[in-house]
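The values are calculated or read from the model by the stated rules, or taken from the named source; none is laboratory data. For clarity, every value in this text was computed on a predicted model and none was experimentally measured. Cβ placement follows ideal geometry from the backbone for every residue including glycine, while neighbour counts extend to all protein chains displayed. Just the protein is used for accessible areas: all its heavy atoms, side chains included, with ligands, DNA and RNA removed. Shrake-Rupley method; radii C 1.70, N 1.55, O 1.52, S 1.80 Å.
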Amino acid sequence: MESKKIVIANLKMNMTFSEVKKYVEKIRDIHTKRVVFCPSALYIPYFLGYDYSVGIQQIANEDYGAYTGQISSLQAKSLGAVLSIIGHSECRLHLNETDDLINGKVKNALKNKLNVILCIGETMEQRDMLRTDRVLRKQISKGLSGLTTSDLQHVYIAYEPIWAIGTGQVPTNRDIKKTIQFIQKQVSKEFRYEDICVLYGGSVNHKNIKSLSTIEECAGFLVGGASLNPKEISKIIEVAVKE
Ligand code: 13P
């Protein structure tokens, strides 16, 4: 039976081109359109050549212009990308992305008909201080500010607790479920939209995917490190998408 989960493979800044070629050879038996690969932007055309659904990890908030080094959602869409990850904690941290900038990127992507994966999540310190709800509320409110209900049909929220990214630590299923319900309630309360899709990301791997897939409220997974191993991502997809 086909489950409703989707899998977004965030390959981050990994692999040389010769490694990408080997990787793609090893994932050739993955055919479902419920999986989106987000490689380094340089390799997007290569993945598209193999007919994968492809997303971009990062976009600018303008269509064109004197923005050296940046890539616009218009350009990504014109190549064939289907979505952009926006507001990843690594971009918030290393590139000083603010909620306002993130909101500009969200609006720009939607204007150019690119689906959005808006990443939100708390640090361990914020969690310990019982500030998770407050942090997420602000990220949702600012990140989605000005969006209509028809815009929101093209937005997924990825709940990625920062302390779970690349650490092997994962919240309990109960905590993930509670947090997803909180996110859905917030979006419903503030934007009058009941059907927001929420993904989970942070140390998803072939061992925990079976259990994580039982969380009904979770629409799918954003997978980092484990997606670099062809066998591991194939297993994750097998369980999350096809089971
Ligand atoms: P890991 O799966 O390596 O924890 O990374 C999660 C992530 O940041 C996906 O965007």
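How about segment 82-102: which of its residues are under 17 Å from Ala9 (Cβ atoms) and more than 16 Å from the ligand (Cβ to nearest atom)? Answer for segment 82-102, where residues must be under 17 Å from Ala9 (Cβ atoms) and more than 16 Å from the ligand (Cβ to nearest atom): just Val82. Counting only residues that are surrounded by fewer than 20 Cβ atoms within 10 Å (Cβ to Cβ), under 19 Å from Phe221 (Cβ atoms) and not hydrophobic (A, V, I, L, M, F, W, C), segment 176-185 holds 4 of them.
Set side by side, the residues Ala158, Ala219 differ, and just one is among the small types (Gly, Ala, Ser), away from the ligand (no atom under 12 Å from the Cβ) and either under 19 Å from Glu90 (Cα atoms) or out of contact with any helix residue (DSSP H, G or I) (no Cβ under 7 Å at 6 or more places or on another chain) (or both), which is Ala219. Scanning segment 15-61 for residues that are open to solvent by 50 Å² or more (accessible area, probe 1.4 Å) and small (Gly, Ala, Ser) gives Ser18, Gly49. Total residues in segment 80-100 satisfying the condition of being farther than 14 Å from Pro39 by Cα and open to solvent by 30 Å² or more (accessible area, probe 1.4 Å): the figure is 8.
Taking the listed residues Ser188, Ser227, the one that is part of a helix (DSSP H, G or I) and either buried (at least 20 other Cβ atoms within 10 Å of the Cβ) or within 16 Å of the ligand (Cβ to nearest atom) (or both) is Ser227, with no other qualifying. Only one of the numbered conditions (1) open to solvent by less than 30 Å² (accessible area, probe 1.4 Å); (2) at pLDDT 95 or above is violated by Cys197, and that is (1).
Residues considered: Ala158, Ala240. Of these, the only one that is open to solvent by less than 50 Å² (accessible area, probe 1.4 Å), under 15 Å from the mean Cα position of the chain (by Cα) and of a type in the set (A, V, I, L, M, F, W, C) is Ala158. The residue of segment 164-175 that is surrounded by the fewest Cβ atoms within 10 Å (Cβ to Cβ), among those that are part of a helix (DSSP H, G or I) and more than 10 Å from the ligand (Cβ to nearest atom), is Arg174. Among the residues here, Thr214 qualifies as of a type in the set (Ser, Thr, Tyr) and in contact (Cβ under 8 Å) with a residue 40 or more places away in the chain.
Within segment 203-224, the residues that satisfy the criterion of being in a helix (DSSP H, G or I) and open to solvent by less than 20 Å² (accessible area, probe 1.4 Å) are Ile209, Leu212.
Taking segment 108-151 only, how many residues are open to solvent by 10 Å² or more (accessible area, probe 1.4 Å) and in a loop (DSSP other than H, G, I, E, B)? Counting residues in segment 108-151 that are open to solvent by 10 Å² or more (accessible area, probe 1.4 Å) and in a loop (DSSP other than H, G, I, E, B) gives 10.
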